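The values are calculated or read from the model by the stated rules, or taken from the named source; none is laboratory data. Given the structure is predicted, the values throughout are model-derived calculations rather than measurements. Note that we place each Cβ from the backbone using ideal geometry, even for glycine, and neighbour counts take in every protein chain shown.
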Amino acid sequence: MFEGLSERLSGILSGLTRRGALTEADVTAALREVRRALLEADVALEVVRTFTEKVREQAVGATVLKSVTPGQMVVKIVNDQLVAMLGAEAEVIDLNAPSPVPILMVGLQGSGKTTTTAKIAKRLTSRDRRRVLLASLDTRRPAAMEQLAVLGRQVGVETLPIVAGQSAVQIAKRAMEAARLGGFDVVMLDTAGRITIDEGLMQEAADVKAATNPHEVLLVADALTGQDAVNTARAFDQRLGVTGIVLTRMDGDARGGAALSMRAVTGKPIKLVGTGEKVDALEEFHPARVANRILGMGDIVSLVEKAAETIDQEQALRVAEKMRKGKFDLEDLSMQLAQMEKMGGIGGLMGMLPGMGQIKKQVEGANLDEKMFKRQRAIISSMTPEERRNPDILKASRKKRIAKGSGVDVAEINKLLKMHRTMADMMKVMGSGKRGLGQALGNM
Ligand code: GDP
Ligand code: MG
């Protein structure tokens, strides 16, 4: 315990004097790594370029948190910018329109349109209690129509009866009419796709759009799409006015670069994510998770986050002042324990620092965990303010009362008091001279 706390306290102390800002050189060096990570995650080159420039502007001159390297700090800034660009909040499918609400599904062949149509229908039916009608507009492939009918039966959603010889626009109009008559809330129109973008496909989808005036035009795209993501998204959006993106195959190896590319190019939100072939493998889009997947530096990000949480300048000043005066009471101890609890114990933070494995092992050996911090804080909160300020008055009867109040035995209270005394002594040494710190730590 003492090692961990000392560690933190020394951090607070040096944090008062050693704070720096990111230099141009720091940022350039770190962005080289970031650019590589983004390209490896299949973010399109033009997006990587504009993105890193934006980050550069933000990062140069930014304050580097204590206990964090400039490189780590840049990674954190990159991560936050990624999350912001991916869309800070989850978006939902907008059904706020007169019934039946048409939803047009578009995208390249094999991107997962038909599967996703069924998945969304299932979700709207069971979660949002809407009556949904499905219609396949894939006139060239009878098998595609049958595929949607099979999926519809599987999820318990009705499909428009297949009538041979009709055009996509005719089917779409028929679907809208059937939905009106049948009292459906939503009509999902599953369009045909091509392996690559072609004019015939775009024109057909545009005609269907004109005929049905869909409230949502969802672009279904494979998360594995690499550099093509930009062109695909741009083409569909320019021609059809996409309102949202559904990214499929996020269950696979895709790092998620396509999410950033498509979002950056269209400015349209990613609304849902496909995570498997099954009809319930559909999830909300979580920007933070995807940012982590793209960047692949989650450990650094959480390290910086924890450092940021921990460094509370005001409290650091307060503690430093108390140390200087040789007054570190149980109230202060309680606050320190609360911070350590927030950090997920000492082990949590230390485990992420390079070369800390050994120390972490020792600390874990000492059986320190969040539960213990909680218990110790419970003990302190069962004390009166006077007792907290002046633990010397804690004699047997008071200890018994506190033990009862906090549900521990007296031995545990004694252990806490002994720990506090040792710490307070240590701090006196540190406070008495600048060179005392190393010595005090050496003596622990
Ligand atoms: P469409 O041509 O755009 O209609 O694509 P389909 O819906 O027919 O899907 C093509 C293939 O991708 C099928 O085998 C689906 O099961 C599969 N698929 C669709 N979405 C996902 C997904 O999120 N994850 C995985 N692993 N497979 C998917
Ligand atoms: Mg299909």
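Numbers below:
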| quantity | calculated |
| --- | --- |
| Conditions (1) closer than 28 Å to Ile294 by Cα; (2) among the β-branched types (Val, Ile, Thr); (3) away from ligand 1 (no atom under 16 Å from the Cβ): number failed by Thr196 | (3) |
| Scan of the range 127-166 for residues that are more than 16 Å from ligand 1 (Cβ to nearest atom) and either aromatic (Phe, Trp, Tyr) or exposed (fewer than 13 other Cβ atoms within 10 Å of the Cβ) (or both), ordered by number | Arg127, Arg129, Gly156, Pro161, Val163, Ala164, Gly165 |
| Some residue of the range 190-198 being closer than 17 Å to Leu240 by Cβ, in the same structural domain as Asp251 (by TED's automatic domain parsing) and without any contact (Cβ under 8 Å) to a residue 24 or more places away in the chain | yes |
| Selection from the range 154-170 of residues that are out of contact with any strand residue (DSSP E or B) (no Cβ under 6 Å at 6 or more places or on another chain) and within 16 Å of ligand 2 (Cβ to nearest atom) | Gln154, Val155, Ile162, Ala168 |
| Hits in the range 226-253 - residues which are surrounded by fewer than 24 Cβ atoms within 10 Å (Cβ to Cβ) and in a strand (DSSP E or B) | Gly244 |
| Any helices (runs of 4 or more DSSP H) falling wholly within the range 275-388 and containing at least 2 residues that are at pLDDT 75 or above and not polar (S, T, N, Q) | 287-295, 298-310, 330-342, 370-381 |
| Residue in the range 132-152 that is assigned by TED's automatic domain parsing to the domain that holds Met188, more than 16 Å from ligand 2 (Cβ to nearest atom) and not in a helix (DSSP H, G or I) present | yes |
| Subset of the range 69-118 (residues that are surrounded by 22 or more Cβ atoms within 10 Å (Cβ to Cβ) and assigned to a loop (DSSP other than H, G, I, E, B)) | Pro100, Gly107, Leu108, Ser111, Gly112 |
| Tally, over the range 374-420, of residues that are closer than 20 Å to Lys325 by Cα and surrounded by 13 or more Cβ atoms within 10 Å (Cβ to Cβ) | 7 |
| Selection status of Leu124, assigned to a helix (DSSP H, G or I), away from ligand 1 (no atom under 14 Å from the Cβ), closer than 15 Å to Leu218 by Cβ and not polar (S, T, N, Q) | yes |
| From Asp228, Asp237, Asp207, residue being assigned by TED's automatic domain parsing to the domain that holds Leu108 and more than 20 Å from Val47 (Cβ to Cβ) | Asp207 |
| Qualifying residue in the range 177-185 (condition: of a type in the set (D, E, K, R), more than 15 Å from ligand 1 (Cβ to nearest atom), in contact (Cβ under 8 Å) with a residue 12 or more places away in the chain and crowded, with 20+ Cβ neighbours inside 10 Å) | no |
| Every pair of residues 6+ apart whose Cβ atoms lie under 6 Å, when the first sits in the range 264-292 and is among the basic types (Lys, Arg) while the second is modelled with pLDDT of 95 or more | Lys268/Val242; Lys268/Gly244; Lys268/Ile245; Lys271/Gly244 |
| Filtered residue count, the range 207-225, keeping only those that are surrounded by 14 or more Cβ atoms within 10 Å (Cβ to Cβ) and assigned to a helix (DSSP H, G or I) | 5 |
| Total residues in the range 33-51, condition part of a helix (DSSP H, G or I), buried (at least 19 other Cβ atoms within 10 Å of the Cβ) and of a type in the set (Val, Ile, Thr) | 3 |
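For (1) surrounded by fewer than 18 Cβ atoms within 10 Å (Cβ to Cβ); (2) within 17 Å of the chain's Cα centre (by Cα), each residue gets a yes or a no:
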| position | (1), (2) |
| --- | --- |
| Arg255 | no, yes |
| Leu260 | no, yes |
| Lys268 | no, no |
| His286 | yes, yes |
| Arg289 | yes, yes |
